[in-house]
Structure formats: structure tokens, C-alpha cells
1. Could you check A:Ser447 against (1) buried (at least 20 other Cβ atoms within 10 Å of the Cβ); (2) closer than 20 Å to A:Tyr357 by Cβ; (3) touching a residue at least 60 places away in the same chain (Cβ under 8 Å) and say which number it fails?
2. In the list A:Val195, A:Val199, A:Val109, A:Val165, which residue meets the criterion of being of a type in the set (A, V, I, L, M, F, W, C) and under 23 Å from the mean Cα position of the chain (by Cα)?
3. Out of (1) touching a strand residue (DSSP E or B) at 6+ places or on another chain (Cβ under 7 Å); (2) under 28 Å from A:Gly167 (Cβ atoms), the odd one out for A:Thr459 is which?
4. Out of (1) farther than 23 Å from A:Ala484 by Cβ; (2) of a type in the set (D, E, K, R); (3) surrounded by fewer than 20 Cβ atoms within 10 Å (Cβ to Cβ), the odd one out for A:Glu294 is which?
5. If a residue must be loosely packed, with under 13 Cβ neighbours inside 10 Å, at the interface with chain A (Cβ under 9 Å from one of its Cβ atoms) and within 18 Å of A:Gln133 (Cβ to Cβ), how many such residues does the range B:19-51 contain?
6. Hey, can you tell me all the residues within the range A:214-257 that are part of a helix (DSSP H, G or I), touching a Leu at 6+ places or on another chain (Cβ under 9 Å) and not hydroxyl-bearing (Ser, Thr, Tyr)?
7. Filter the range A:54-77 for residues that are in contact with a helix residue (DSSP H, G or I) (Cβ under 8 Å, 6 or more places away or on another chain) and assigned to a loop (DSSP other than H, G, I, E, B) and give the result.
8. Among what's in the range A:253-306 and is polar (S, T, N, Q) and without any contact (Cβ under 8 Å) to a residue 24 or more places away in the chain, pick the residue that is farthest from A:Ala412 (Cα to Cα).
Amino acid sequence: MKTKLLFTGFLVLYLLIIIKLFYLQIISPLKINQDLYLKSQKLNPERGKIFDRNLTPLALNQNSYLLYLEPKKINDKLKLTRFLSEKLDMEEASLEAKIDESKDWISIVSGIDEDKKKEIEGLKISGIGFESQMKRFYPEASLSAHLLGFVGKDKTGEGTGYFGVEGFYNQDLNGLPGLLESERDLAGRPIFIGVQNKVDPENGRDLVLTIDKTVQEIAKKRLSEGIEKYQAKQGCVIIADPGTMAILSLVCLPDYDLDKYFQFSEDFFRNSTVSDVYEPGSIFKPLIMAAAIEEKKIKPQDTYNETGPITVGEYKIKTWNDKYEGKISMTRILEKSSNVGMVYIGEKLGKDKIYQYLEKYGFGESTDIDLQGENSSYLKPKANWYSIDFSTVTFGQGIALTPIQMIRAFAALVNGGNLMKPYVVDKILSAKEEIIIKPKMERKVISDLTSQIIRKMLTSTVENAEAKWDRPQGYKIGGKTGTAQVPIQGHYDPSKTIASFIGFAPADKPKFITLVMLKEPKTSPWGSETAAPIFFEIAKDLIVYYSITPNQ
Amino acid sequence: MRNFIKSSIGFVMLGLLVANIFLFYSSIKLGTDISTFETKTQKIHHENVNLEKELSYLSSLQYAQKLAKQLVFTKKSSPSYLEKLIYAFVPNQ
């Protein structure tokens, strides 16, 4: 009887439990029950790394922490604010204002490094916590600031790339976030028989640049010395492989500290080589010369009688030093950088052909270089050109272009006539695949023969130029100087110039092409006395670095 | 026969109870293990990132320059030889 009673008792209890469970799970399921155990977490992907062409890192990720406060756990608010303001270099008052005691969690500052975290943790003040994050680390500091760009925050507080490669390849570098859904007990341990879903994040793709770290270092060092020596306001250097237009180095000074980008104004972030337009001046002359040779309007040995200034409409065009040599060859026009000689060549070539070649060289369209912030120059419609425009454009005035457009067009002159698309990313690497970026030829601008002729003329220009430079001995180097006056309020200011030099070596089969630009040098306004010496210093270093043998 | 069935049910119940306790314990242990491995993986990843940072810094041109400065591997350190002096060096005169 007793057993039966016990059995019935148990049966009733079990029945009650089953009914309660049925009620809780089927009739009235509590939503809170799901949230209590099932934890969802966004898994952040790691941002892709950036390497130079030799796979040495230019931008990596490092551990960093977000410091947060839990106001309800703070025992001594005064001590905490005093300590944190000292450690974080923050105003005590602003820190105190941030602490809202009605909240459970307040974010204070991100980007705290490992050492500082340990230091803060060491004092064991209650109410302080850390959340693991990642931030960029630049082993070479700001060696390639304009080229790389930086990682800032977007409107939602997520990391996003701005400017340069970081901006252009932001989607590739960002990767895709993952998701973890895991049922956990009250101690945070996974419940083995519960829901355990994990979608792994896809880390950002790594980028291998065409940039060579050593070449970049050479360019930056020589440019920095040059800016100091010639007291220029700003300077830029682009070094590229003329055959492919793979950029080997791209530097502009002054630049900014990538780690502390937020302390700089937006002006510092502009990459002048792709974002700013300028009048090129005499470095433009070989482009028109090559066009005239290609169209068989002139030959290098043809002569021109340089007698004095020439008049176009109401304008008078002179040579840079107002000196005239009489009968001179086409090569000599480049050597002495004769404006009047170039006007003569322009007339031989004709207005239609001049405009046609400007378009062929890619002016008026963007180069589509893979850097954020490229500005395509504006080439006004042919109908809006006056006669004087066709004359001045032959010596690089009255046309505005970006330095990257200039070096691309000039590279076409020396590489056999191929207009190439400039690029800075060589490979995109992910766990699944490797994408190799191949050089892209846009179009053929001049023939191989014209290219050979112009290379010889430019070699002669360097060897017989008005200025004498400390050139590397035994090497054939081609190039051209340029001095462009800066247009201010409708007229040119003779005291403010953009001095430039574009050169290539070895002249027979160029390994590199380099454009050096200095904005408003004070010691001398001329490209031949400022930009050219910087170019030859860079060339000397590159000849040693690439082990180029003498050919003279 | 009845006693046999009774004791069999008792044994089965006991067995199920032990199995239940074992399963419960195993799942908790497994959960703890997963937690431990998660922490360890995270720690190793952290260390890897730190090592990668250190390695890249030590192989950087910045570090080489800093070291060269410290070791005075600069133009200043080129030696001056005193063997072919034309004038005698007399200190304090």
C-alpha cells in the first residue's frame, strides 16, 4: 500500500513537472530564456596587411585595447579620475563628465597599448575594464604616409581606410565579419549539448605593393635634404619602372605621422602627386617634340633660326634667358629649352595634331592609379582654345595636369611609345587565392623608332644642358628640366615657381624614370639648379642599388 | 520472478542515474575545456601578433638607423690618421 502511495506521489510530481515544462516551452515560451543562455557575438576580421615588393611589411596589425568603465563598480571616483587622467593624458574634468553613474558601461579611450594596459591593471582599481582591439602598426613609421593612407573611423565607429592604398582597397583590406552563437552557462562556459554555431570571419586580403622600401627610403632622404637645401615649400618624387609604370616610390613632403594622423589638418593628407594639378613647364617640351617627329613634321637634325622673341597675337614669347643662338637643331631646342623653338615646332605640327596628341598622352582623363583621391585634370574643349594656347602649350604653359599624368606620358616617350596605366598594388593575397595585377597598356602613342630618337635627344639634353650637374660618371642619362611659374589671380608670379626635373636611366634601356618637383624653392627658382641635383643624387643611389653597369 | 523484475528496474534506474550524472559532468568538463582552449588560442594569437610586430620592427630601416646612430656608424666615425702630420701637435698652445 505504502509503495503504491509513493509511486502515485512520484507520478503526480513528474506530471506536474511535465505540465509546467509544456507550459513554459510550448504555451508561453519566455523570450528572456533564449537571451539568458544564447550569446551572439560579432567576430571582427583582421585587417589585411600591406607589404612592399620584397614582402617586407609596411603596415601590420598590433594588439590594442579599448578602456571602458563600469560606473556601478567604481568605489573611489576621485582616485580613479585622477589616476586615469594622469595615465591617459586627459583632462580630469572631461573624464569626470564622462562618468554617468546611471550607466553600466562607458567607453573611455581606444588604442591603448599593451604596456599601458599592464600599468593601469597593476593598480587594481575597481570599475576599469579592457576590451581587446587591433590597430595599425607601421614598422617604417611614416616612410610612405601619402602612399599608404591611414585607418580612421567611419560614422558607425568602425575602422575604415582613408586616402592612398588604405582608402582605395578598403573593401579588400577590411574583410568580412563572422558570427558566434553559443549557448553558455552562467559561468560563461559553452553548454556542450546546446546551440553552438560559428561562422568564421574572413580576414582582409593582404596587399603586396610595387613599392620598394629601399627606393622609397632613398627618395624620401634625398627629397628631404633637397627641400632643406633649396628652402622649398613642398616637394614630391615619383620613381617608376617606365616599361610597366609600376610605381617604385612615391613621396611627398611635408607628410604626416600615420600613428597620430588626427593631430594633422586635412591639407597634410592630400597626395599632391595624384590630387594636385600644376603647369608642367619645360618638362612638357619633349612630348610635343616627339609628336612632331612621329608625324614626320621635323627631324632631329632639322634647323630653326632662333633670331629673337616671336609675337603671337598680342603676346610676345621669349626664351628663358632672352638669349638667341641663330641656327639651331631640334635637339639643341631641347638642350637650351628654347620656348621660341618649341612654338616653331608647334606651328609645324598644327593645332589639330597638338590637341590630338594631348588626348593621346592621356591629359584630361584620370590615370586610374589605384590610390584614393586622384584628380583628373581638365582639358578644355578644342573649340575654346585660342591661338596663344596652342603656342604656350608647346612649352608647358596654359595646361594643368597632375604629376602622375606627367610621368605616365613621359614614360611612354622612353619605353617604346606605350602609354601604361600606373599602379601601386602588385598582388592581392587571401587565404583562398592570389590575384596578380598585370601591367596594362592603354594605347600606343608613338612608334618605337620615335621613342629611340627622343631618348637620344634627351640624353644629349642632359649632356649639353646650360647647367652642369654632378652626374654619375659612365652612365647615359636622359632628362629634362622644367620651371613653371605659378599663376596667381590671372598673371604669373615670377618669384614663385614649381621647379621640376624628369629623367631616366640607363638611357638605352631605362630601368627607372623619376620625376622630382619642388614647390617655390627660395635659393633659386630654376629646376636646373634645384630639382635636377636632387634627381642626380637619387640616380646615383639607384644605380648602386640596382647594380647597373656603366655603359659609356 | 517479481523480485527479480523489481531489482532489475532498480538497477536500471540506478544505472540511468549514474549515466545522467556522468553525462552532466562530461558536458560541464567539455564546456570548461572549450573555454580554456578559446582563451589559450586567443593568448597565442595575441603573442603571435606581438612577435610579428617586434620582428618587423627589428628588421626595419628605422631600427637599423637608430642602431647605427647608437653605435656611431656615421660619417663622424671615420678615422683620422696621425702618421703623416706636417706640423707638430702641441696641446694648450
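The values are calculated or read from the model by the stated rules, or taken from the named source; none is laboratory data. Small disclaimer: the values here were computed from a predicted structure and weren't measured. All Cβ positions, even for glycine, are placed from backbone atoms using ideal geometry, and neighbour counts span all protein chains on display.
1. If we test A:Ser447 against (1) buried (at least 20 other Cβ atoms within 10 Å of the Cβ); (2) closer than 20 Å to A:Tyr357 by Cβ; (3) touching a residue at least 60 places away in the same chain (Cβ under 8 Å), just (1) comes out false.
2. Working: A:Val195 fails: under 23 Å from the mean Cα position of the chain (by Cα); A:Val199 fails: under 23 Å from the mean Cα position of the chain (by Cα); A:Val109 fails: under 23 Å from the mean Cα position of the chain (by Cα).
Of A:Val195, A:Val199, A:Val109, A:Val165, the one residue that is of a type in the set (A, V, I, L, M, F, W, C) and under 23 Å from the mean Cα position of the chain (by Cα) is A:Val165.
3. (2)
4. Among (1) farther than 23 Å from A:Ala484 by Cβ; (2) of a type in the set (D, E, K, R); (3) surrounded by fewer than 20 Cβ atoms within 10 Å (Cβ to Cβ), A:Glu294 violates only (3).
5. Of the residues in that region, 1 qualify.
6. Taking the range A:214-257 and keeping what is part of a helix (DSSP H, G or I), we get A:214-230.
Going one step further and asking which of them are touching a Leu at 6+ places or on another chain (Cβ under 9 Å), we end up with A:214-220, A:223-224, A:226-227, A:230.
A:Val215, A:Gln216, A:Glu217, A:Ile218, A:Ala219, A:Lys220, A:Leu223, A:Gly226, A:Ile227 - these are the residues of the range A:214-257 that are part of a helix (DSSP H, G or I), touching a Leu at 6+ places or on another chain (Cβ under 9 Å) and not hydroxyl-bearing (Ser, Thr, Tyr).
7. Matches in the range A:54-77: A:Asn54, A:Thr56, A:Ile74.
8. Here is the first cut: in the range A:253-306, the residues polar (S, T, N, Q) are A:263, A:265, A:271-273, A:275, A:282, A:301, A:303, A:305.
With the extra rule that they be without any contact (Cβ under 8 Å) to a residue 24 or more places away in the chain, the set shrinks to A:263, A:265, A:305.
Details: A:Gln263: 40, A:Ser265: 36, A:Asn305: 30 Å.
Taking the candidates together, the pick is A:Gln263.
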